[in-house]
Each structure stands twice: as C-alpha cells, then as structure tokens.
2 protein chains.
Amino acid sequence: MENYFKKMIRNVPDFPKKGIMFRDITTLIEDKESFRKSADALYEFSKKMKIDKVVGIDSRGFIFGGILANKLDTGFVLIRKPGKLPAETLSQSYMLEYGEDTLEIHKNSINPGDKVLLHDDLLATGGTARAACDLIEKAGGIVVQVSFIIELTFLGGKNKFKDYIVNSLVSYDSE
Amino acid sequence: MENYFKKMIRNVPDFPKKGIMFRDITTLIEDKESFRKSADALYEFSKKMKIDKVVGIDSRGFIFGGILANKLDTGFVLIRKPGKLPAETLSQSYMLEYGEDTLEIHKNSINPGDKVLLHDDLLATGGTARAACDLIEKAGGIVVQVSFIIELTFLGGKNKFKDYIVNSLVSYDSE
C-alpha cells in the first residue's frame, strides 16, 4: 500500500528552494481512489483508540484532520499561525532553522483530559508538530497519537515523539 | 436546523477589525455533534448531484471541502494563495476593497468537463469564491454547486453566482 501511495505523490524538485525534493500530496488527493484509500488507511490505524478530539495544523493538516474527526465522530480543533484565530488563544513558540515561529489554539477548545489525535500532512524535523503537542498539553489535552501522511525519516523528526504513537502512510529514507 | 447551527457558531465582535462581527465556526466544529450534523447537512444537499471533483479554498475551505469529497467519493482539489502550490499553476486575480488578490490552482488538477463542487466556509462579498469559479472554468471544469457554511446575505455576494446552485447552512441578514 505504501508503494501505491508513493506512486500517487508527486515529486517536485527544487521546491520551495533549490536542492529540496518536495513531496506533493495534491496528486494523491485529486484522485478519488487514492484519496479514499488514504483516508481509510488513516482511519483504520486509529479507529480502535479512544479519541475525543482531532487537532489539525494549518493548512494542509485540515484536509485529512477534518476527515479523520468526521470518521472517528469527534470534534475538530484548529492550530493556526498567530492572529488567525478570532477568540482568546494559548500560544507556543518554537525554533526554526533560522529564527522562530509561533502556533495558536483557542482557549477551551480542548477539555482537560481529552484524548487527542494530532494530524499534519508532513513530518520533517518535527518542530511544528512537537510545538503543537506542547500546545495541546498546555490546553489540558493528552496526545494519544500523532498522524502524518508523509514522514521524512532521514530528518529524524520522530525522535521528538518518543512518548507518542506516531503513524504515517509513507516514509522517505532520503531526499 | 439553521438555528441550532447558529447557536453553535461563536460571535466575536471587532474581529479582524473594529465594527466587524466575526462569525466563528471553530466552536461549531469543536463539538462532535454539531460538526457531524454540519457535514451531514452539506452532504445531504449534494449527494444526488453528479460531482467529479470537490474544490476547497485555503484554508478553512479545506475542512468541510475535504469531508465532502470523502463523503461524495470524489477527488479533492486545492485553491491556494500564490506560491503555495509546488507544481505548474493557473492563476486568477480579483479586486478587493483595497487592492487585489490572486488565487492559484494546479494545472491538470481538473479534467476538462469535470463537474465541480466549490466549497468555502464563508460567502461575504463573494469576490474570492467568484474568482475561484473563474479559475475552475479556466481549468476546464464545470461548476455545478457553490457551497458555504455561512452566508452574509446583507453583503449581496450571492448576486455573483446567479448561474450556479448556491448552498449555505446558515445566513445572517445583518452584522
């Protein structure tokens, strides 16, 4: 199945900059069969877990995050860049290669003790998803699974999630 | 049902600027019951139409856009701001109150003659969704439905979609 998904993912060289091979999921989701199978595979992995909320990271994380929440019959919570969420927020900053970035979540979007599945499309160095886990825990949630479409194993991001169940549909060992 | 959805939507005064009452769907989607019912209502409206592709507008349009595509068993296509889509794109500019903006879609993401459902969370003046329709038609698609969670009827955006079937879960007659 992983090879099938890989065939449906487009490889775009030199995006967003020279030397980077971008793994483009838009071709995977444009095709109704691979789109359905991707959603089913993510759901199959999670369906026996007790999950109260799915959290998706802006913006590609909203696609399968929303679908997973719908299939698992849970609420869906957004993590976004600063200034995008209209009501009171909690925030979490994290280091990037150059500089830092911040994520926000609405206060009270997660109930204390909620079991949370976090979804994003891509696990690269893991900085964003790690900050998202910290933010969910700050809000009182318990992260029970971290879910991705793609993992770039050569970047070692998984090391940031040693205490979590990590699932991804496909992984790449090298650029 | 509309009143139920309205109760689940949070009203945030003065966002994103003074004098604007922001209709916040995050509370609607955080609650598993209203989230499920919203998805079901959108699906019920569309399930008898022949639809080949669902197109969602970045980024809140990805949430129910993706779910609709999954439920309708179609492919899902992204419309995004310039520079976000990695492969070759078609683009469409449109006027805003001050200045202009541009949307992009991947070339070949829509097959000529594809029947398309366009989804975004909000119909305000309709500029963005109208540009998205133009972009879909430029790509060879046929827009058969334009779908929103919220319509702000007092802004008259619906007039830009006279030739289309427009559906929204809730509408507001005034600020």
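Structural remarks
- In nanometres and ascending order, the distances from the B:D73 label point to those of the other copies are 2.2 (point 7 Å from Cα along Cα→Cβ).
- Between identical copies, the spacing of B:N3 label points, each set 7 Å from Cα toward the C-beta atom, reads 5.9 nm from nearest to farthest.
- Apportionment of accessible area to carbon and sulfur, the protein assembly as shown, percent (1.4 Å): 48 percent
- Residues in region B:29-55 that, when all protein chains are in place, have 10 Å² or more less accessible area than the chain alone would give (probe 1.4 Å): B:I29, B:E30, B:K32, B:F35, B:R36, B:K53
- Each DSSP beta bridge with both residues in the protein assembly as shown is either parallel or antiparallel, and the antiparallel ones are about 35%.
- Look at the Cα gyration tensor of region A:71-175: its axes a ≥ b ≥ c give a/c of at least 1.5 with a/b at or below b/c, and that counts as oblate.
- Per residue value of the accessible surface for region B:79-175 (all protein chains in place, 1.4 Å probe), Å²: 45 Å²
- Label-to-label distance, A:M95 versus A:E44, with points set 7 angstrom from Cα along the beta-carbon direction: 4.0 nm.
- Copy-to-copy label separations for A:Y98, where each label sits 7 Å from Cα toward Cβ, in nm and ascending: 3.0
- Computed on region B:50-172, with alpha-carbon pairs under 8 angstrom and 6+ residues apart, the relative contact order is 23 percent.
- Stretch in chain A that is longest and holds no trypsin sites (Lys or Arg not before Pro) that DSSP places in a loop and that have at most 14 other beta carbons within 10 Å: A:51-106
- At least 50 Å² accessible surface lost relative to isolated chain, residues of region B:56-89 (1.4 Å probe): B:S59, B:F62, B:I63, B:N70, B:D73, B:F76, B:L78, B:P86
- For region A:18-43 versus region B:1-26, the gap between their alpha-carbon centres in whole angstrom: 33 Å
- Solvent-accessible area buried by A and B, counting both chains, probe 1.4 angstrom, square angstrom: 3000 Å²
- Computed from the C-beta positions of B:Y4 and A:I20 and an R0 of 51 Å, the FRET efficiency is 0.65 to the nearest 0.05.
- Prolate/oblate/rounded label for chain A (Cα gyration tensor, a/c 1.5): oblate
The values are calculated or read from the model by the stated rules, or taken from the named source; none is laboratory data. Note that this is a predicted model, so its numbers are computed, not measured. Note that we place each Cβ from the backbone using ideal geometry, even for glycine, and neighbour counts take in every protein chain shown. Heavy atoms of the whole protein, side chains included, go into the accessibility calculation; ligands, DNA and RNA do not. Shrake-Rupley method; radii C 1.70, N 1.55, O 1.52, S 1.80 Å.
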